[in-house]
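The values are calculated or read from the model by the stated rules, or taken from the named source; none is laboratory data. Everything quoted here is computed from the prediction, not taken from an experiment. All Cβ positions, glycine included, derive from the backbone under ideal geometry; neighbour counts span all protein chains shown. Heavy atoms of the whole protein, side chains included, go into the accessibility calculation; ligands, DNA and RNA do not. Shrake-Rupley method; radii C 1.70, N 1.55, O 1.52, S 1.80 Å.
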Amino acid sequence: MPQDHTERRVVVTGPPRSTNRASGYYRPRTEIDEQTTLGHTYVRSLMRTQLRAALTVFAILGLLVGPLPLLFAAMPDARRLEWAVLGFGLYAPLVLLARWYVRRAERNERDFVRLVEDR
């Protein structure tokens, strides 16, 4: 009897047992979506940077507005000066602080998205 040395093909119809990830495949977005410890760390770092910006603005605002009652108490007869300082003198610094804070918050979020998307 002649022996047939051709190999027999096997067809597998079931789902694969494991998925092979390419080496170096890493998705921080997946870590955040699945709420893993690493994802929690990413979100916590964003929250920390946003809080740091907010506390900086709050401290500058406190230093800017805090001494005003003492200044006004030292000059009891200067009612018009008080209104001028409160109405006009504080407006520009408040607008500049608000603008700085919004730009800083947007930059923090942009950096976070770049960190999550680039890897």
Consider the stretch 75-85. How many of its residues are in a helix (DSSP H, G or I) and surrounded by 13 or more Cβ atoms within 10 Å (Cβ to Cβ)?
3
Cβ-Cβ under 7 Å, sequence separation 6+ or interchain: first residue in the stretch 64-83 and free of Cβ contacts under 8 Å to residues at least 40 places away in the same chain and more than 22 Å from V95 (Cα to Cα), partner open to solvent by less than 70 Å² (accessible area, probe 1.4 Å) and part of a helix (DSSP H, G or I). Which pairs?
F72/E82
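Test of understanding: among F58, F72, which residue is among the hydrophobic types (A, V, I, L, M, F, W, C), assigned to a helix (DSSP H, G or I) and farther than 18 Å from Y101 by Cβ? Break it down stepwise before answering.
Working: F58 fails: farther than 18 Å from Y101 by Cβ.
Matching residue, one of F58, F72: F72.
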Could you give me the residue pairs with C-beta distances under 7 Å whose first residue belongs to the stretch 34-46 and is at positive phi, whose second residue is modelled with pLDDT of 80 or more wherever it lies, and which are 6+ apart or on separate chains?
none
Number of positions in the stretch 87-119 that are over 30 Å from G66 (Cβ atoms), out of contact with any helix residue (DSSP H, G or I) (no Cβ under 7 Å at 6 or more places or on another chain) and β-branched (V, I, T):
1
